[in-house]
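First the structure, in the form of C-alpha cells, and then the observations on it.
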Amino acid sequence: MTIKVSMAILGVAVAVAGCTGDKSNKTIDRGIDSHSVSELNAGIWVDPVGCDHWIIDDGVEGYLSARLDKYGKPVCSGIAPPNTAVGDFKDGKRDPI
C-alpha cells in the first residue's frame with residue numbers, strides 16, 4: 001500500500017470514530033478530558049446581524065448557541081461589532097474558585 005492510501009484509510013477511521021457512541025446527552029464534553037459543559041468558560045460571538053451567541057472553544061471541540069431572552073427572542077446587546085467574539089472562551093475550562 002502506498003503512503004497516500006494508508007493516510008486516507010487512517011483519516012476515514014478517525015472521522016468515523018468521532019461519529020460513534022451515545023451523544024444524546026449534550027451537556028457532557030466528550031473530548032479527551034471529558035467534563036460537563038457547564039464547567040467551561042463561555043464568550044459571546046456577535047453575528048453579522050448584530051445578535052449574540054454563546055461560544056466555547058475547548059481546543060478540539062467548539063460549542064455555539066444563540067443567546068436568548070426569557071421569551072425566546074434573540075439578544076442583540078451591542079457588546080461588540082458584528083463578526084467579533086469577546087470573552088475568555090478559548091481555554092475552555094473555568095479557573096478554580
Sort the following peptides by mean Cβ neighbour count (other Cβ atoms within 10 Å, averaged over residues), highest first: 56-65, 71-80.
56-65, 71-80
Under Karplus coefficients 6.51, -1.76 and 1.60, residue-wise ³J(HN,Hα) of region 60-73 in Hz, glycine/proline x:
8, 9, x, 10, 8, 8, 5, 8, 10, 7, 5, 9, x, 9
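Bear in mind these aren't lab numbers, they're just calculated from the coordinates by the rules spelled out. Just so we're clear, the structure is a prediction, and the values are computed from it rather than from any experiment. When we count neighbours, we look across all protein chains shown, and the Cβ atoms used for this are built from the backbone with ideal geometry, even at glycine.
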